[in-house]
Amino acid sequence: MEQSDNQATSATPQTTPSIEQTPVVMSFESLYTASIDIYKKLFLKIVFYPIFAVLISLLPLMLILAIWGLTKFASLPLGASQAVNILLGLLGLVALLLVFFVMFLTAQIPYLLVAKNPDAKFKELLLDAKKNLVPFTVVVVLQCLVVLGGFILLIIPGFYLLVRFSFAAFAYMFEGYEGASALKRSSELVKGNWWGVALRLLSVYAFIFIVTLLIGTLANVAGPKGSSARELISGLSSIINLLLSPFYLI
């Protein structure tokens, strides 16, 4: 009898429990401590895996552009030149679509690392991202459209919806909600904690904005546009923004 009871229990499908009370929002200290821990452990994978994949995907496009540049030095008949330009243009479009495909694919990597397997290898992450590409993209597109609609109306409705649906992608990755259900789940998580979530999001945006503003001011003081000092600081600004970018997701 005990064995049959255990088998019946194990056969019962697991469902996500409904929210009966307002979820507790982490304190600022706990949130930033946990985020920094994740950042330190997964920094190389979160930042450089997507960069590496996008750079690889750019190679066909760069090759096509190089060939197109070489054709300008070749003495081709007018008809042949036009045909080559059309062919290279079509190939360039395909190569550009490949870059966008890889960008959408690798956008999932931070979520997959945190939600599923922080020890996953690059190839494993890409295969998992490919499997999740369509439902993940649908959730993100729906989220963007709803938030964009709010900003078209006014800034306040837009920001309200931005906070309300900020966990849509996480709802898909962590709990498997798809499409509009992911937005609904995000709304449930934020319900009763809108101001707490909004303040935490604003703190991240404000920190990154202040750092970027300070570097931009330093670049303006360093010298006129085009000077080596200003270009150096601008390059440093890009690197710092890259290093801080995971905090938008963590």
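Note down the net charge around residue 166, summing +1 for each Lys or Arg and -1 for each Asp or Glu among other residues with Cβ under 12 Å from its Cβ.
+3
7 Å from Cα along Cα→Cβ at both residue 122 and residue 181: what's the point-to-point distance in nm?
3.5 nm
Taken together, the values in this text are just the output of simple stated rules run on the coordinates, not laboratory data. Bear in mind that the values here come from a model prediction, so they are computed numbers and not experimental data. Note that we place each Cβ from the backbone using ideal geometry, even for glycine, and neighbour counts take in every protein chain shown.
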